[in-house]
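Asker: The structure's right below; bear with me while I get my questions together.
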Amino acid sequence: MRSQLRVLMILLVGGWAAGQAAAAPYRVETVAEGLLFPWSMQFLPSGDMLVTEKRGGLRLIAKGKLAAAPVPGLPAFFGDSDCGLLDIALDPEFARTRRVFLAYSEGTVEANRMVVYRAVYDGARLRDGRVIFRSAPAKRGGSHCGGRLAFLPDQTLLLTVGDGYDYRDKAQDLASDLGKVVRITREGAVPADNPFKGKAGVRVEIFTYGHRNAQGLIVDPRDGAIWLHEHGPKGGDEINQLTPGANYGWPKTTHGIDYDDTIISEFQVAPGIEPPVVVWVPSIAPSGFALYLGDRFPQWRGDFFVGALAEKSLRRVRLRAGQDAEQEILLKELGARIRDVRVGPDGFIYVLTDDKNGKLLRLVPSTHADGGGRTCARRDTSVKGVCAVKRETQGDMTP
Ligand SMILES: [Ca+2]
């Protein structure tokens, strides 16, 4: 009995020691809560933030406080299942134009489309807004809407359009926007160098095809590389690097199977189809994508972060030479579906939880002191006073 107890003690102490050694290099602070299924966020030059709610509106977080009322001026949108108010992007020349671009679903459950809406955000409301792009054709149902936006270095805009779930074969049909990434100008026109421009019977806004439902899209500011992740079926979530005009396979190739366990495709790879860079089997349900180029977590510089809905985690993904080199599962301790992840101008990592009481959280280094702020891991001269603020108790996000 005594020896058994001793073994138990050794195990417990050993486990405790291992736990200590593996202590997370971050702690999680709550910036805001009470968001209705928040989906995306953008930082304004002032440090304030705009957050979209899939089932709500556009919300302002000013000086760390969630404004009580949504930003006025947003048109009505269609919300059901995956559809709703989805992404927000700032004009690359936002400081001059004050323009924001929103992706949302328009229409009804019988017939809806993904649209891009452009408006001026004057600090108080949206004005001078108009829809600059509507995906075609309309689809039925609220599933697989896509809805991520990203600007390219040439100031053209990419939008992911989902396959609509019931229309998966349309992902291979170049006469349909379903299951595509489309590329438009800031006026909603088709750029002269789009890959299918001049081809007959093709929707010339298409940039890449063969996607299922992509809710992650980023452009590496260092080299312009375009990275997308997408939901697979049962298994087979993917990260892909986008090349204009390329086919990413769905549903001709997949690493997954259908939800009823039937085979969708015999093929995981095929000639003429770009293979994924990362595959997740089982599915993690990725949403939100960020590239860490800040200096608060120097050990993570150059790594990708992927929100995971089903896995209820934040995945850190390190690619080397275009290959999946290392992954780490973070934030499991929260037990929360992660909808979006962004890196703030302050170098902290911000995430949104997918919930009717959704939260905006941020990861700060665990060595980064709160309260008195006298033992900051590094003195920050660019973000004044950031060491000294205890966010959880004050609900503050200054500056
Ligand atoms: Ca694929």
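Quick note: the coordinates plus some simple rules give every number you see, no bench work behind them. Just so it is clear, the structure is predicted and the values come from calculations on it, not from any experiment. Counting neighbours? That spans all protein chains shown, and the Cβs are built from the backbone with ideal geometry, glycine included.
Asker: With a 10 Å Cβ neighbour count serving as the proxy for reagent exposure, in which order, fewest first, do THR52, THR156, THR253 appear?
Answerer: Working: THR52 27, THR156 18, THR253 21.
Taking fewest neighbouring Cβ atoms as first place, the list is THR156, THR253, THR52.
Asker: Name the residue farthest towards the positive end of the dipole of segment 96-169 from the options TYR121, PHE101, ALA138, assuming +1 on Cβ of Lys and Arg, -1 on Cβ of Asp and Glu, about the Cα centre.
Answerer: Among TYR121, PHE101, ALA138, the one farthest towards the positive end of the dipole of segment 96-169 is TYR121.
Asker: Please give the charge dipole size of the chain, origin at the Cα centre, charges +1 on K and R Cβ atoms and -1 on D and E Cβ atoms. Round to the nearest 20 debye.
Answerer: On the way: 52 positive and 47 negative charges, 227 e Å.
Roughly 1100 debye, rounded to the nearest 20.
Asker: Once amide H atoms are built 1.01 Å from N in the peptide plane, which residues 5 or more positions from SER40, or in another chain, come under 5 Å H to H?
Answerer: Answer set, sorted by chain and number: THR52.
Asker: Over the chain, what is the percentage of antiparallel beta bridges among all DSSP beta bridges, to the nearest 5?
Answerer: Numbers: 90 of 92 bridges.
Of all bridge pairs located within the chain, approximately 100 percent are antiparallel.
Asker: In percent, how large is the relative contact order of segment 190-341, given Cα pairs closer than 8 Å and 6 or more residues apart? Kindly include the intermediate steps, with their values, before the conclusion.
Answerer: Numbers: 360 pairs, mean separation 25.6, N = 152.
Taking the mean separation of contacting Cα pairs over the length of segment 190-341, I get 17 percent.
Asker: Related question: Nothing charged except the Cβ atoms of Lys and Arg (+1) and of Asp and Glu (-1): what's the magnitude of the dipole of segment 258-330 about its Cα centre? Round to the nearest 20 debye. Spell out each step's value before the answer.
Answerer: Numbers: 7 positive and 11 negative charges, 113 e Å.
Dipole magnitude for segment 258-330 comes out near 540 debye.
Asker: Right, here's the next one. Exactly which GluC sites (Glu not before Pro) in segment 75-156 are in a DSSP loop and have at most 12 other Cβ atoms within 10 Å? Can you show the working numbers first?
Answerer: Values: sites: GLU93, GLU106, GLU110; in loops: GLU93, GLU110.
Sites meeting the loop and neighbour criteria: GLU93, GLU110.
Asker: Next question, about the same structure. Considering the options ILE206, LEU217, PRO276, tell which one lies farthest towards the positive end of the dipole of segment 186-292, charges being +1 on Lys and Arg and -1 on Asp and Glu at the Cβ, about the Cα centre.
Answerer: Among ILE206, LEU217, PRO276, the one farthest towards the positive end of the dipole of segment 186-292 is ILE206.
Asker: Given a Förster radius of 25 Å and the C-beta distance between ALA23 and VAL281 as r, what FRET efficiency does 1/(1 + (r/R0)^6) yield to the nearest 0.05?
Answerer: 0.25
Asker: Which whole-number percentage describes the relative contact order of segment 155-227, with Cα contacts under 8 Å and a sequence gap of 6 or more? Intermediate values should be presented prior to the final figure.
Answerer: On the way: 142 pairs, mean separation 22.9, N = 73.
Result for segment 155-227 is 31 percent.
Asker: Using the C-alpha atoms of the chain, what convex hull volume per residue, in cubic angstrom, is computed?
Answerer: On the way: hull volume 69.0 nm³, N = 399.
Spread over its residues, the Cα hull of the chain gives 173 Å³ apiece.
Asker: A further question follows. Ranked by Cβ crowding within 10 angstrom, fewest neighbours first, how are PHE348, PHE196 ordered?
Answerer: Least crowded to most crowded, the residues run PHE196, PHE348.
Asker: What percent do you get for the relative contact order of the chain when only Cα pairs under 8 Å and 6+ apart count?
Answerer: Numbers: 1045 pairs, mean separation 54.7, N = 399.
Computed over the chain, the figure is 14 percent.
Asker: Which of LYS199, LYS180, LYS356 ends up with the largest GNM mean-square fluctuation for the chain, with Cα atoms connected below 10 Å?
Answerer: Largest GNM mean-square fluctuation: LYS199.
Asker: Now a separate question. Return LEU44, LEU86 ranked ascending by Cβ neighbour count within 10 Å, so the fewest neighbours appear first. Before the final figure, lay out each step's value.
Answerer: On the way: LEU44 19, LEU86 25.
Result, fewest neighbours first: LEU44, LEU86.
Asker: Measure nothing but the geometry: give the 0 to 90° angle between the long axis through the Cα atoms of 2-21 and the longest principal axis through the Cα atoms of the chain, rounded to 10°.
Answerer: With rounding to tens, the tilt is 60 degrees.
Asker: If you don't mind, another one. If I build a Gaussian network model for the chain, linking alpha-carbon pairs within less than 10 angstrom, which residue out of SER143, SER366, SER176 has the largest mean-square fluctuation?
Answerer: SER366
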